[in-house]
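The values are calculated or read from the model by the stated rules, or taken from the named source; none is laboratory data. Please read all numbers here as calculations on a predicted model, not as lab measurements. Here Cβ is always computed from backbone atoms with ideal geometry, including for glycine, and neighbour counts include all displayed protein chains. These accessible areas exclude ligands, DNA and RNA; they are computed on the full protein's heavy atoms, side chains included. Shrake-Rupley method; radii C 1.70, N 1.55, O 1.52, S 1.80 Å.
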Amino acid sequence: MKIREVLSALERFAPLPLQESWDNAGLQVGLTETEVSGALLCLDVNEKIVDEAIRKGCNLIVSHHPLLFHGLKQVSDDGYVPRCVIKAIKNDICIISMHTNMDNAIGGVNFKIAEKMGATPINGQGAGNKKQDELQGAVCKDEAKCPMVVAELAEPMSSRDFVQMVKERFNVGCAMCNELLERPIRKVAICGGAGDFMLPDAVKAGADAFVTGEMHYHVYFDHEQEIQICVIGHYQSEQFTSEIFRDIINTECPGVKTCIAETNTNPIVYY
């Protein structure tokens, strides 16, 4: 099976038109007519990830965050991005990224976060000609892009227990929250990564809690006892995206070897 077939399968699930205007999802580096020897699945691409792909015999890397956000004016050893490009090309490795198109896709990043929390997406805002069951829990900004999911926990939880549960499920040492909500939490709005732009929509949806990866300081204000904010870190919120890639490839491209990266690419260290 050729790399282009894997790329096509990923883009059928999360079409490139779903990406935001500033993004650069899709093919990053390499030739797609090459037969795929294996796919290494990761959140970010750095030199250690390329080394892991080489070590595991994978000539394809599928990442969530693009290696190339902007055009390179110089391909040299000055910076990890051009070094990764050089190393990938030298070792015949192709790099594909599925970023905000995967964030905005039905069944994408936020649905995976809900799954990890044991929460079930509930009927939310739909749009266009998509079936209601496909849009279950999705909050759509237009006919296609659905950057937030609203899901329901199996049982109501106290805010303290909810935050502890999220910390455990996502292996987070410390969550950034506003004051603890004094009512039970059942309905949860989810937007992985940098999601504070969706907080007003979470409030509008009547969510008891809002889970995201990072938020600006001033956004925390003026929501006391309105909604429980729980911010767990950008990397931590999206760390299971590789499982989505694995399931797509295993279903649509049977026989292709998939490896979830062992390299932790989170550049933030907590002391």
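Exactly one of these conditions fails for Thr212: (1) under 30 Å from Pro17 (Cβ atoms); (2) polar (S, T, N, Q); (3) in a helix (DSSP H, G or I). Give me its number.
Condition not satisfied by Thr212: (3).
Could you pull out the residue among Lys48, Lys2 that is under 25 Å from Asp247 (Cα atoms), touching a strand residue (DSSP E or B) at 6+ places or on another chain (Cβ under 9 Å), surrounded by 14 or more Cβ atoms within 10 Å (Cβ to Cβ) and basic (Lys, Arg)?
Residue meeting the stated conditions: Lys2.
Can you work out which of the residues in the stretch 166-204 that are of a type in the set (A, V, I, L, M, F, W, C) and in a loop (DSSP other than H, G, I, E, B) is surrounded by the fewest Cβ atoms within 10 Å (Cβ to Cβ)?
Ranking the candidates gives Cys174 first.
Would you call Arg186 at pLDDT 95 or above, under 20 Å from the mean Cα position of the chain (by Cα) and not small (Gly, Ala, Ser)?
So Arg186 does not fit the description; no.
Name, by its number, the condition in (1) in contact with a Pro (Cβ under 8 Å, 6 or more places away or on another chain); (2) of a type outside the set (Phe, Trp, Tyr); (3) over 30 Å from Phe170 (Cα atoms) that does not hold for Ala88.
Among (1) in contact with a Pro (Cβ under 8 Å, 6 or more places away or on another chain); (2) of a type outside the set (Phe, Trp, Tyr); (3) over 30 Å from Phe170 (Cα atoms), the lone unmet condition for Ala88 is (1).
Anything in the stretch 216-239 that is crowded, with 19+ Cβ neighbours inside 10 Å, within 30 Å of Asn264 (Cβ to Cβ) and not polar (S, T, N, Q)? List them, or say none.
Of the residues in the stretch 216-239, the ones crowded, with 19+ Cβ neighbours inside 10 Å are 227-239.
Filter once more, so that each one left must be within 30 Å of Asn264 (Cβ to Cβ): 228-239.
Within the stretch 216-239, Ile229, Cys230, Val231, Ile232, Gly233, His234, Tyr235, Glu238 qualify.
Determine which member of the set Met98, Met148 is of a type outside the set (D, E, K, R), at pLDDT 95 or above and either over 24 Å from Ser242 (Cα atoms) or touching a strand residue (DSSP E or B) at 6+ places or on another chain (Cβ under 6 Å) (or both). Working first, answer last.
Numbers: Met98 fails: either over 24 Å from Ser242 (Cα atoms) or touching a strand residue (DSSP E or B) at 6+ places or on another chain (Cβ under 6 Å) (or both).
Only one candidate passes the filter, namely Met148.
Within the stretch 206-216, does at least one residue satisfy the condition of being touching a residue at least 60 places away in the same chain (Cβ under 8 Å) and over 16 Å from Cys177 (Cβ atoms)? Full working, then the answer.
So in the stretch 206-216, the residues touching a residue at least 60 places away in the same chain (Cβ under 8 Å) come out as 211.
Adding the requirement that they be over 16 Å from Cys177 (Cβ atoms) leaves none.
No, there is no match, as no residue in the stretch 206-216 is touching a residue at least 60 places away in the same chain (Cβ under 8 Å) and over 16 Å from Cys177 (Cβ atoms).
Please enumerate the residues belonging to the stretch 107-122 that are part of a helix (DSSP H, G or I) and open to solvent by 40 Å² or more (accessible area, probe 1.4 Å).
Glu115, Lys116
Here are some conditions: (1) in contact with an Asp or Glu (Cβ under 7 Å, 6 or more places away or on another chain); (2) crowded, with 21+ Cβ neighbours inside 10 Å; (3) within 27 Å of Gly213 (Cα to Cα). Asn59 meets all but one. Which one does it not meet?
The single condition Asn59 does not satisfy is (3).
For Gln132, work out the one condition from (1) at pLDDT 95 or above; (2) over 17 Å from the mean Cα position of the chain (by Cα); (3) open to solvent by 10 Å² or more (accessible area, probe 1.4 Å) it doesn't fulfil.
(1)
Give the stretch 8-32 a look and list any residue that's more than 22 Å from Glu134 (Cα to Cα) and either more than 17 Å from the chain's Cα centre (by Cα) or open to solvent by 50 Å² or more (accessible area, probe 1.4 Å) (or both), or say none.
Of everything in the stretch 8-32, those that are more than 22 Å from Glu134 (Cα to Cα) and either more than 17 Å from the chain's Cα centre (by Cα) or open to solvent by 50 Å² or more (accessible area, probe 1.4 Å) (or both) turn out to be Ser21, Trp22, Asn24, Leu27, Gln28, Val29, Gly30, Leu31, Thr32.
For the stretch 2-61, which positions are of a type in the set (D, E, K, R), within 21 Å of Asn266 (Cα to Cα) and in contact with a helix residue (DSSP H, G or I) (Cβ under 7 Å, 6 or more places away or on another chain)?
Within the stretch 2-61, Asp23, Glu47 qualify.
Please state which of the following conditions Arg160 fails to meet, knowing it meets all the rest: (1) in a helix (DSSP H, G or I); (2) open to solvent by less than 10 Å² (accessible area, probe 1.4 Å).
(2)
Which count do you get for residues in the stretch 240-261 that are in a loop (DSSP other than H, G, I, E, B) and either over 17 Å from the mean Cα position of the chain (by Cα) or crowded, with 22+ Cβ neighbours inside 10 Å (or both)?
Residues meeting the conditions: 6.
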